[in-house]
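Worksheet for the structure shown next.
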Amino acid sequence: MSYNTFGHMFRVTTWGESHGPAIGCVIDGCPPRIPLDAGDIQPWLDRRRPGQSKFTTQRQEADQVEILSGVFEGQTTGTPISLLIRNTDQRSRDYGDIATRYRPGHADVAYDTKYGIRDYRGGGRSSARETAMRVAAGAVARKVLGAGVRIRGAMVQVGPHAINRARLEWDLVDTNPLFCPDAQALPVWEEYLADIRKKGSSIGAVVEVMAEGVPAGLGAPIYGKLDSDLAMALMSINAVKGVEIGEGFAAASLTGEENADPMRMEDGQLRFASNHAGGVLGGISTGQPLVARFAVKPTSSILTPVPSVTREGENVDVMTKGRHDPCVGIRAVPVGEAMMACVLADHLLRHRGQVGS
């Protein structure tokens, strides 16, 4: 079992390593006759692309996507869509010192224990470089969902500094390099991250992703729950250590009255007075906005020496050289959006297959 594929009807397989010649993905199950070209995919990749601010890795990758199959005369054909991005700015020499040294907090020791071999150049397959192809697949998923479904993400906390939700403005997200929706929190984050970067350290973050226009009825009871699939998809993103839907862990401190989402009929339509459930009840979408948050740990690639061991069992201190994100949560925003898009596209096609509409 390779476990490089996710989804059931809308299936995505990614391949490639951080310092290999290219990365890519194959999307199987995309319906035919959907208008698609590279211009539909590139803007989403540009939002994730490294080197766009001092707060992310300075690796310079154009991330120009190439469509190799599955599209003819500007439309999907219903056959597998193959996408490719060539790596152009690898610096494998930066990782020579850790060829036999395990970086604490990284997947080095786990990969070596499992496979008996690891690609130490930037982490190989465990590198967040792989997520570029998830973003590309997410762009195709958005085309499957159509313009009626809007997916947006934002960083809502950096280290100990959270936004004031009363000041949340989604329109601010794409106007700053931190995907921050709070104008007053932005300068605080910038100063905080500048200090973290200067010290050669790193910090974690919380990202929120919301989908509006999700039709009611997506998902299935027990083992096909929409929220469980979404949680799994978000948890699969590099460095993610926690996922919550709706109120999430905060629901544990609420009473039943506080947590309930009251309902009324208004003008012949079912209306909810709140959305503590995050748009999902019993694993099935309610038609309310689908809301999820995930916590991203600090990257373990830091300039501070940390005790570790070598492959041969020698005690050493490890300091990671190279170009790294002081906060990987920043570029995780478009990745989270993409994973939500892929999950929703998959469930939309599964829903059509079961109930016919």
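Please give the contour-minus-distance gain from Asn259 to Asn315: 0.36 nm per residue of separation, less the Cα-Cα distance, rounded to one decimal in nm. Show your work: numbers first, answer last.
Details: separation 56, 0.36 × 56 = 20.16 nm, distance 5.07 nm.
That pair, Asn259 and Asn315, stretches by 15.1 nm at full extension.
Just the number, please: Stokes-Einstein D of region 286-357 in µm²/s, Kirkwood Rh from C-alpha pairs, 37 °C, 0.692 mPa s. Working shown, then result.
On the way: Rh = 16.4 Å.
The estimated diffusion coefficient comes to 201 µm²/s.
The chain: D in µm²/s via Stokes-Einstein (Kirkwood Rh, Cα pairs, 4 °C, 1.567 mPa s)?
Values: Rh = 21.4 Å.
Estimated via Stokes-Einstein, D reaches 60 µm²/s.
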Of Lys114/Lys198; Lys114/Lys199; Lys143/Lys225; Lys143/Lys297; Lys198/Lys297, pairs whose Cα-Cα distance is over 28 Å:
Lys114/Lys198; Lys114/Lys199; Lys143/Lys297
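Excluding the sites themselves, what is the longest stretch of the chain that contains no trypsin sites (Lys or Arg not before Pro) in a DSSP loop with at most 12 other C-beta atoms within 10 Å?
Details: sites that count: Arg33, Lys54, Lys199.
After excluding every exposed loop site, the longest remaining stretch is 200-357.
Please work out how much length the chain gains when fully extended from Lys198 to Glu66, using 0.36 nm per residue of separation minus the C-alpha to C-alpha distance, in nm with one decimal. The partial results should precede the final answer.
Working: separation 132, 0.36 × 132 = 47.52 nm, distance 3.66 nm.
Result: 43.9 nm gained on full extension.
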Roughly how much of Glu66 is accessible, in Å² to the nearest 10, using a 1.4 Å probe?
60
Would you mind checking the tilt of helix 131-145 against the longest principal axis of the Cα atoms of the chain, expressed as 0 to 90 degrees and rounded to 10?
10
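Round to a whole number: what % of the accessible area of the chain belongs to carbon and sulfur, probe 1.4 Å? Numbers along the way, then the final one.
Working: 9000 of 16970 Å².
Accessible surface attributable to carbon and sulfur in the chain totals 53 percent.
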At a probe radius of 1.4 Å, what is the per-residue accessible area of Tyr102, in Å² to the nearest 10?
30
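Please find the FRET efficiency linking Thr77 to Lys114, where r is the Cβ-Cβ separation and R0 is fixed at 41 Å, and quote it to the nearest 0.05. All intermediate terms of the calculation are to be shown ahead of the outcome.
On the way: r = 38 Å, r/R0 = 0.92.
Rounded to the nearest 0.05, the efficiency is 0.60.
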Keeping every protein chain in place, order Glu258, Glu312 by accessible area at 1.4 Å, biggest value first, i.e. largest first.
Glu312, Glu258
Between region 94-137 and region 211-229, what's the alpha-carbon centroid distance in Å?
33
Per residue value of the accessible surface for the chain (all protein chains in place, 1.4 Å probe), Å²
48
Sort out for me the Cα centre separation of region 232-246 from region 262-301, rounded to whole Å.
16
Nearest-10 value in Å² for the accessible area of Asp346, using the 1.4 Å probe:
10
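The values are calculated or read from the model by the stated rules, or taken from the named source; none is laboratory data. In this text, all values refer to a predicted model and were calculated from it rather than measured experimentally. Cβ coordinates were reconstructed from backbone atoms using ideal geometry, including for glycine residues, and neighbour counts include every protein chain displayed. The area values use the complete protein model at the heavy-atom level, side chains included, leaving out ligands, DNA and RNA. Shrake-Rupley method; radii C 1.70, N 1.55, O 1.52, S 1.80 Å.
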